[in-house]
Amino acid sequence: MNFWRSLVGKLWVTIICLVAVVLMTLGLFLLPYIDSNFANSGAIKRLFMYTALIGFSMTTFFALFLFTKITQPMQQVIEAANAIRRGEYGKRLKLVTSDEIGELATSFNHMAAELEGTIRSLNHEKGLLSSVLRSMSDPVITFDNEGRIVLTNPHGQSLLESWSDLKWEQEGEADLEEPDGEAQGIPLPLRPLFQRTLEEGGDHSSNVHVRQGVWSVHMAPLYSDNQIQGAVAVLRDVTEEVRLEKMRRDFLANVSHEIRTPLSMMQGYSEALLDGMASSPEESSELVQVIHDESLRMGRLVKDLLDLARMEAGHTDLHKSPVDMNELLERIYRKFSVRAKEREIELRCIRKSNELWLHDADEDKLEQVLTNLLDNAFRHTPAGKKIDIVADWVAYSNRSEIEIEVRDEGVGIPNEDLPFIFERFYKADKARVRGETGGTGLGLAIVKNIVESHRGHISAASKLGEGTCFTLRLPVEKQ
């Protein structure tokens with residue numbers, strides 16, 4: 001600090017000015033009196049001059065002493081305070097005096113140490129919070145009370161970026177204004193829940209639909225001085241859960257219908273027999289035959305349910321051995337030939353190689369797969385059309401496989417149903433022609449489980465109105 005701008009410097013200048021004024025005043029009044037009344041006036045004048053010089057020297061020395069003992073230590077305190085203000089929390093004063101300045105320096109150092117510890121603790125807690133937010137798999141977004149986004153985790157930022165390209169339909173359900181400037185505002189689907197959180201307080205949850213997905217949103221208010229200053233939202237993608245729940249409800253409705261129908265028929269025909277409504281043995285035989293057919297139908301449904309439950313629980317028992325696929329395909333072809341003639345459908349089995357062997361497979365399970373696929377094809381292929389079974393060697397992912405295609409010329413499957421046809425309980429029959437018997441929606445799920453238990457792969461391709469092709473690939477070598 002400049003001496004002349006310091007407190008001591010100003011004090012020294014003031015004292016010097018006062019001394020000069022006093023001396024000038026004394027000189028103006030005393031010098032004429034001394035000249036007229038004292039013979040040794042020169043000595044007296046020199047005494048006044050020496051006294052003025054000594055006073056000036058002592059004043060200067062006292063000012064320098066004060067500057068060294070007060071101003072310079074205070075300057076160090078100011079510099080240390082500025083350093084802490086800049087974030088240099090390790091700054092300390094090195095003053096060892098025992099006066100008030102020393103006590104001030106000691107208190108300052110204690111304060112700086114406590115402040116450094118507090119800042120370190122805050123940074124540690126901030127780091128922990130940041131780590132927790134980064135490690136969360138669910139998006140987390142924090143808003144201020146004006147709807148501006150103030151904090152997100154990486155998943156939340158990715159979600160906001162993916163939503164930023166969407167054009168929301170303004171439905172007027174939220175009165176929140178868009179933030180000014182470059183601040184990013186709350187997405188439109190979250191605004192009603194945000195407004196409700198600000199107005200009512202407390203936690204609120206809701207599901208929002210964005211694109212083809214469903215997001216579960218849990219929003220809670222953020223308080224400061226007992227005032228709501230914003231809200232934090234945690235989002236979770238529940239699209240798959242909602243889809244599975246819908247499938248579960250559809251399955252329960254479907255199974256209830258599939259069981260109720262044969263039970264109703266069995267009950268009705270058995271009551272007719274008990275009431276003696278059959279007028280002849282032939283009519284009685286017909287009624288008994290219907291009861292028998294419906295019991296078989298219900299038995300197939302229960303068997304499919306039990307088989308699928310065992311497979312999904314990992315209890316699939318495979319009795320593996322070498323399998324001649326040519327022989328298996330020939331047996332399947334003979335099994336369905338009579339049905340093809342009855343339905344006036346042309347059934348062809350095309351084997352592009354005479355050596356189609358699987359070294360490690362369960363022949364009975366593979367026969368079940370082909371039977372289910374062909375039964376599905378016959379059920380949805382009208383008379384006069386064709387069903388082909390095509391088998392050949394293929395090389396896929398550096399391994400040899402046998403590829404089998406089951407093609408039909410039925411009405412096909414809509415594109416929106418194709419991704420889900422292998423899901424359990426899913427039925428696309430609403431878009432297909434039902435034949436003489438209805439499926440339970442479990443056949444293709446069972447097929448997929450069996451194929452995957454052989455380390456194979458199955459897929460489907462279809463064009464509405466032209467037909468469907470199921471392709472399964474099975475590894476030749478033991479996996």
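Our coupling estimate for segment 132-137, obtained by passing each phi through the Karplus curve with A = 6.51, B = -1.76, C = 1.60 and θ = phi - 60°, is 5, 5, 5, 7, 6, 7 Hz, Gly and Pro reported as x. Counted residue by residue at 0.36 nm each, then reduced by the alpha carbon distance between them, the extension gain from Ser295 to Arg249 reaches 14.1 nm. Among Met266, Met58, the order by Cβ neighbours within 10 angstrom, fewest to most, reads Met58, Met266. In a simple Cβ point-charge model (Lys, Arg +1; Asp, Glu -1; nothing else charged), segment 241-312 has a dipole of about 480 debye relative to its Cα centre. Taking 7 Å steps out from each Cα toward its Cβ at Lys385 and Glu466 produces label points 1.4 nm apart.
Annotation for segment 367-408 versus segment 317-348: alpha-carbon center distance of 10 Å. Per-residue 3J(HN,Hα) values for segment 348-362, derived from phi via the Karplus relation 6.51 cos²θ - 1.76 cosθ + 1.60 with θ = phi - 60°, read 10, 10, 10, 10, 8, 8, 8, 10, 10, 10, 10, 7, 8, 8, 9 Hz in sequence order (x marks Gly and Pro). The label point for Gln227 and the one for Glu423, both projected 7 Å from the Cα toward the Cβ, are 4.9 nm apart.
Legend: calculated FRET efficiency, Glu146 to Ser205, from the Cβ-Cβ distance at R0 = 25 Å, rounded to 0.05, equals 0.65. Backbone phi angles across segment 160-165, fed through the Karplus curve with coefficients 6.51, -1.76 and 1.60 (θ = phi - 60°), yield HN-Hα couplings of 5, 5, 5, 7, 5, 7 Hz in residue order; Gly and Pro are listed as x. Here the spin labels are modelled as points 7 Å beyond Cα on the Cα-Cβ line, and at Ser164 and Ser337 they lie 6.7 nm apart.
For Gln229, the amide hydrogen comes within under 5 Å of the amide hydrogens of Leu222, Tyr223, Ser224, counting only partners 5 or more places away or on other chains and with H modelled in the peptide plane. Here r is the Cβ-Cβ distance between Ser107 and Val242 and R0 is 60 Å; the resulting FRET efficiency, rounded to 0.05, is 0.45. The gain in end-to-end length when the Glu452 to Glu346 segment is fully stretched comes to 35.2 nm, 0.36 nm per residue minus the alpha carbon separation. Can you pick out the pairs among Lys303/Lys341; Lys246/Lys448; Lys385/Lys463; Lys91/Lys126; Lys386/Lys463; Lys385/Lys448 whose Cα atoms lie more than 18 Å from each other? Among Lys303/Lys341; Lys246/Lys448; Lys385/Lys463; Lys91/Lys126; Lys386/Lys463; Lys385/Lys448, the Cα-Cα distance tops 18 Å for Lys303/Lys341; Lys246/Lys448; Lys91/Lys126; Lys385/Lys448. Can you give the FRET efficiency for Arg196 and Ser256, using 1/(1 + (r/R0)^6), R0 = 30 Å, r = Cβ-Cβ distance, to the nearest 0.05? Efficiency, rounded to the nearest 0.05: 0.20.
Any read-out appearing in this document is the output of simple, stated calculations on the displayed coordinates, not a laboratory observation. The shown structure was predicted, so the numbers you read here are calculated from the model rather than taken from an experiment. No Cβ is skipped: glycine too gets one built from the backbone with ideal geometry, and neighbour counts run over all protein chains shown.
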